[in-house]
Amino acid sequence: MEDDLAVYAAHSEKTKGRIHKDDGTAYRNQYQRDRDRIIHSSAFRRLEYKTQVFVNHEGDMFRTRLTHSIEVAQIGRTIARALNVNEDLTEAICLAHDLGHTPFGHAGQDALNACMKEYGGFEHNLQSIRIVDQLEERYASFPGLNLTFETREGILKHCSRNNALTLGELGERFINNEKPGIEAQIANIADEIAYNNHDIDDGLRAELLNIEALRNCELFNIQHESVTSKWSGLADSQLRHEIIRRMINYVVSDLIKTSESMIDAIKPADIEQVRKCGKSLIKMSDSTDGMHKALKKYLRVNLYQHERVMRMANQAKETVSFLFNAYMEDSDLLTNELQPSLDEAKDIKDKNVVARVVADYIAGMTDRFAFAEAERIRSNV
Ligand code: MG
């Protein structure tokens, strides 16, 4: 089936391969295997209990990192299929893109990064790579999930220059200012489309946003008018969902059309030319991109910085800092499973290594486990 893909798509038989030698299977291509490994990983299952915007225990109806990742994959696959590039690879990248997220979303990541300031910092993108390259323990002959280069390239969306220098071939594009393959570019934009839209849905449901005020955003208002001119007297939830599904369709259709003409202008002969052509080929038109960015800004001010979200974020930051300091002061508080790596770190007397073990442990926690663990430690002292 891959024979029919565009020349500039990722083709699994031409993959740059995996770090550790790994025999293929008869029924799945390389990227399907990557996707399956991601789905079977424990980091993937834990996304179910990690915050997207609303902390997990605030309600069963809100998005979590898991449902967010599934929505990203669904949007990404549509775009990949329409552009005749590798849908399996796009799906694998989308499903894995948030594996490295701490509990409590961005608040948790900021807190952990602050705690790790003297020990090399914490970036959730890099953490996703640590999980798939090192931390998952599932295979007898190698650490991590041993994914293909193309999936790892897509997962590592951002990276600081210093960290890129430690990553070998994977880090090179951040140093040489190159782009990743088209599938990775799709996953990146599918992420933004997914959260812009589902966060409106969750924000309206939580009554932190309201429909009238959202009409100040052009992208929302166009679809609001189209729905209300067709139907009157819709229930709030019908109106909301009709607008949101139209917004997704509008943005995705625009993205596909614009990307087709970008690709057509460059005509890359293979994935390497995509990487080296100097610009992103997956793009929205300027006018749609402008409206999409305006909506993102609106959400930042009116939802992510909403008093109720900030209150929870502050509590989350306190919990992460408390756990970090408690474990750094007394490593016996950490789970026994971690003791071998801690003993190793103590032998070489390197506090950076201990801090990284602690950061890996905290980053892997779900929201509720982090709260429960902080409670357990507080009640013991
Ligand atoms: Mg995401």
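What follows is calculated from the coordinates using simple rules that are stated; it is not laboratory data. Note that the structure is predicted; figures quoted are calculated from it, not measured. For neighbour counting, all protein chains shown are included, and Cβ atoms are generated from backbone atoms with ideal geometry for every residue, glycine included.
Take the Cα of residue 25, step 7 Å toward its Cβ, do the same at residue 212, and the gap between the two points is 5.5 nm. May I ask which of 50/351; 179/297; 257/283; 16/279 have a Cα-Cα span longer than 19 Å here? Over 19 Å apart, Cα to Cα: 50/351; 179/297; 16/279.
When you work out D = kT/(6 pi eta Rh) for the chain at 25 °C and 0.890 mPa s, using the Kirkwood radius from C-alpha pairs as Rh and the Stokes-Einstein form, the result is 111 µm²/s. Gaussian network model of the chain, Cα springs within a sub-10 Å range: biggest mean-square fluctuation belongs to which of 86, 325, 197? Answer for the Gaussian network model of the chain: 325. Straight-line cross-link partners of residue 317 among the aspartates and glutamates, defined as a Cα under 13 Å from its Cα and at least 8 positions apart when in the same chain: 110, 367.
Centre-to-centre separation between the Cα atoms of region 135-168 and those of region 72-127: 12 Å. Note on residue 338 and residue 39: their simple-model spin labels are 3.1 nm apart, each label 7 Å out from Cα toward Cβ. The modelled label-to-label distance between residue 140 and residue 300, using points 7 Å beyond Cα along the C-beta direction, is 5.1 nm.
Across the chain, where is the longest run that never hits trypsin sites (Lys or Arg not before Pro) in a DSSP loop with at most 15 other C-beta atoms within 10 Å? Maximal segment without exposed cleavage sites: 29-137. Only Lys, Arg, Asp and Glu carry charge here, each on its Cβ (+1 for the first two, -1 for the last two); on that basis the chain has a dipole of about 560 debye about its Cα centre.
Sorted fewest first by neighbouring Cβ atoms within 10 angstrom, 306, 224, 101 come out as 306, 224, 101. As a rough footprinting exposure proxy, the listed residues 225, 91, 136 were ranked by other beta carbons within 10 Å of their own, and the order from fewest upward is 225, 136, 91.
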